[in-house]
Amino acid sequence: MMIKNFLNRIPWLGILSLIAGWLAWTLISRFSGLPRFILPSPNDVWLSFIKSLMNGTLLYHTAITLIEVLLGMLAGVTFATIVGYALAKSRTLEKILSPYLVASQAIPIVAIAPLLVIWLGGGILSKVLICALIVFFPVLVNTVVGIRAVPSALYDLMHSIRATRWQILIKLEVPAALPVLLGGLRVGATLSVIGAIVGELVNAQDGLGYLLQLGDFQYDTSMVYVAVFMLIVLALMLYGMVTLLERKFLKWQQ
Amino acid sequence: MKSSPILTVENLSVVFPDNNGGLRALDDISFEVCPRDFICFLGPSGSGKTTLLRIIANLLRPTTGKINFIRNQHPQIGMVFQQSNLMPWRTVMDNIKLPLELEGMGENKARLKAQEMIELVGLRGFEDSWPRELSGGMAQRVAIARALIHDPDLLLLDEPFGSLDAITRERMWMELSHIWQASQKTVIMVTHSINESLFLADRVLVLTQRPGKIKLDLKVDLPRPRNDDIRYTPHFGRLARKLRETIE
Ligand SMILES: Nc1ncnc2c1ncn2[C@@H]1O[C@H](COP(=O)(O)OP(=O)(O)OP(=O)(O)O)[C@@H](O)[C@H]1O
Ligand SMILES: [Mg+2]
């Protein structure tokens, strides 16, 4: 009975599909006649993965990118929620700031990334800022929407029992806006990884973006594949983190 | 032995802004409330009953007129809203103890008190339920418990039993009478039900169609404690007829 349950829980179709993909990739790389630097075989990529894992480079560069992404998210989310809260509370402020906010969204981050790197140097700081900028807007918008959607009847309740402004913030506004806020964070997490890579591609001595570029220059396509693969893992990890937060804090939504 | 009023309302009017000159919800309302009074407002939909409670709770300012509290001090209020108005992210227990949290009471003490209230409104076993799992009537009982828990001076009830079935509603009438008699609170309650107002109140104030004016101020001189039988007495019938005639 238990074994049956266990067997049922394994996603057989998913595993089969991965194996089929692996096989197809192997066959194509072997028989298509494409050179290795265009399409390495899965085995090449695997060897490259093991090698960079063993000599520590892979973990090092992944850690750098992860730090950039996390610091950037921290800065972006903090700033965005504070500004978003102020905007949600004041229509005047919204009118004053909205031209800048809309304009800032019209600038593709890729276009100003080189500028930021010139200003702040090729180190980690410029990447953190790019991540923060890219995370800022979705979290800001969701904060405004979330706070504005707090039911006015619940404000009445809080006022009727003489809640202070701080209590209203902590006990009403934050929990009420949290579902929408975490939605913003989910989008922001994925964007943040993109931000870090964009920054690293412009100029960097380390990080997965650097690894990508290095592989590119050296015609070491397997390395490029490994870096891309790590980026996917990174993005999924962040996504999973947000999902965990949602599980923990949004239990009441079922 | 009439004590001095804890609340006086003088010539109160409320006009809500709208596109053609404003919507008058309440018009020249005056009345007083003495400590331990149980007052019911009875009136058709849209006559401004909720608006009046919101003014008393200091959630809304009147357009003209005054509202004065004894010693010019706004009393501690417990309010039950027309919709149960629970926080969906808090369990039954946590919703009920919210007012105590705001007062800074310790967690253990607050839980004990909340548990007492849960027993009182008959929700034992539902402490850890989410609001979405409750029926309308259960949610309303949570709201009643929440309004009582911090021992307010003034209880404002906006059709608190509207969503209850007849049997539960009458049980809640008895409970409310008991609570009121034991705790000596002042109660202002809004209702659509003539029976409910006569069963519970010392005084029934009838409001007219919009804009709400006080059309009748009826003293309910039925003996207390009141029980089910009182509804079949001739005096109850007379008062009920009087209210019905005023409303129509
Ligand atoms: N915030 C508001 N803005 C504009 N108009 C309002 C507002 N609140 C109430 N009104 C209007 O004032 C009038 C009285 O509303 P109120 O809610 O006080 O009625 P009520 O007697 O409680 O009715 P019901 O028995 O249906 O609950 C209604 O016409 C309503 O549309
Ligand atoms: Mg109403």
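The values are calculated or read from the model by the stated rules, or taken from the named source; none is laboratory data. Everything quoted here is computed from the prediction, not taken from an experiment. Virtual Cβ from ideal backbone geometry, glycine too; neighbours counted across all protein chains shown. Accessible surface is based on the protein model in full, side chains and every heavy atom, while ligands, DNA and RNA are left aside. Shrake-Rupley method; radii C 1.70, N 1.55, O 1.52, S 1.80 Å.
Report whether or not B:His178 is within 16 Å of ligand 1 (Cβ to nearest atom) and surrounded by fewer than 17 Cβ atoms within 10 Å (Cβ to Cβ).
Numbers: within 16 Å of ligand 1 (Cβ to nearest atom): no; surrounded by fewer than 17 Cβ atoms within 10 Å (Cβ to Cβ): yes.
Judged against the criteria, B:His178 is not a match.
Only one residue in B:Pro75, B:Pro5, B:Pro44 is within 16 Å of ligand 1 (Cβ to nearest atom) and not hydroxyl-bearing (Ser, Thr, Tyr). Which one?
Working: B:Pro75 fails: within 16 Å of ligand 1 (Cβ to nearest atom); B:Pro5 fails: within 16 Å of ligand 1 (Cβ to nearest atom).
Just a single option satisfies the conditions, and that option is B:Pro44.
Collect the residues in the stretch B:54-64 that are closer than 11 Å to B:Leu26 by Cβ and more than 8 Å from ligand 1 (Cβ to nearest atom), keeping them in residue-number order. First the steps, then the outcome.
Looking only at the stretch B:54-64, we keep the residues that are closer than 11 Å to B:Leu26 by Cβ, and these are B:54-55, B:60, B:62-64.
The answer is B:Ile55, B:Pro62, B:Thr63, B:Thr64.
Going through B:Gly162, B:Gly106 one at a time, which residue ends up being more than 14 Å from chain A (Cβ to nearest Cβ), within 16 Å of ligand 2 (Cβ to nearest atom) and not basic (Lys, Arg)? Give the derivation first.
On the way: B:Gly106 fails: within 16 Å of ligand 2 (Cβ to nearest atom).
The unique qualifying residue is B:Gly162.
Test of understanding: among B:Ile39, B:Ile56, B:Ile96, which residue is under 14 Å from the mean Cα position of the chain (by Cα) and within 14 Å of chain A (Cβ to nearest Cβ)? Steps first, please.
Values: B:Ile39 fails: within 14 Å of chain A (Cβ to nearest Cβ); B:Ile96 fails: under 14 Å from the mean Cα position of the chain (by Cα).
Going through B:Ile39, B:Ile56, B:Ile96 in turn, the sole match is B:Ile56.
Inside the stretch B:109-134, can you point out the residues that are away from every other protein chain (no Cβ under 14 Å) and of a type in the set (D, E, K, R)?
Matches in the stretch B:109-134: B:Lys109, B:Arg111, B:Lys113, B:Glu116, B:Glu119, B:Arg124, B:Glu127.
Scan the helices (runs of 4 or more DSSP H) fully inside the stretch A:75-193 and keep the ones with 2 or more residues being more than 25 Å from A:Gly209 (Cα to Cα) and within 14 Å of chain B (Cβ to nearest Cβ). Show your work before the answer.
Details: elements: A:91-106, A:109-120, A:124-148, A:152-160.
Here the list reads A:152-160.
Looking at A:Ile197, A:Ile232, can you tell me which residue is modelled with pLDDT of 90 or more, β-branched (Val, Ile, Thr) and farther than 22 Å from A:Pro42 by Cα?
On the way: A:Ile232 fails: farther than 22 Å from A:Pro42 by Cα.
Going through A:Ile197, A:Ile232 in turn, just one is modelled with pLDDT of 90 or more, β-branched (Val, Ile, Thr) and farther than 22 Å from A:Pro42 by Cα: A:Ile197.
So B:Ser30 ticks every box in (1) farther than 21 Å from B:Leu218 by Cα; (2) touching an Asp or Glu at 6+ places or on another chain (Cβ under 9 Å) but one. Which box is left unticked?
All conditions pass for B:Ser30, except number (1).
Only residues that are under 23 Å from B:Gly46 (Cβ atoms), open to solvent by 30 Å² or more (accessible area, probe 1.4 Å) and at pLDDT 90 or above: list them for the stretch B:196-241, please.
Passing the criteria: B:Arg203, B:Asp217.
Collect the residues in the stretch B:145-160 that are within 16 Å of ligand 1 (Cβ to nearest atom) and either open to solvent by less than 10 Å² (accessible area, probe 1.4 Å) or of a type in the set (Gly, Ala, Ser) (or both), keeping them in residue-number order.
Our first condition is that a residue be within 16 Å of ligand 1 (Cβ to nearest atom); within the stretch B:145-160, this holds for B:156-160.
B:Leu156, B:Leu157, B:Asp158, B:Pro160, listed by residue number.
With respect to B:Leu86, is the statement that it is surrounded by 16 or more Cβ atoms within 10 Å (Cβ to Cβ), over 15 Å from B:Leu156 (Cβ atoms) and at pLDDT 90 or above true?
Values: surrounded by 16 or more Cβ atoms within 10 Å (Cβ to Cβ): yes; over 15 Å from B:Leu156 (Cβ atoms): yes; at pLDDT 90 or above: yes.
The answer is yes for B:Leu86.
Need the failing condition index for A:Thr26 against (1) at pLDDT 85 or above; (2) exposed (fewer than 13 other Cβ atoms within 10 Å of the Cβ), just the number.
Single failed check for A:Thr26: (2).
Considering each of B:Ile67, B:Ile144 in turn, give the residue that is modelled with pLDDT under 95, more than 14 Å from every other protein chain (Cβ to nearest Cβ) and on the phi < 0 side of the Ramachandran plot.
Numbers: B:Ile144 fails: more than 14 Å from every other protein chain (Cβ to nearest Cβ).
Within the list B:Ile67, B:Ile144, the selection yields B:Ile67.
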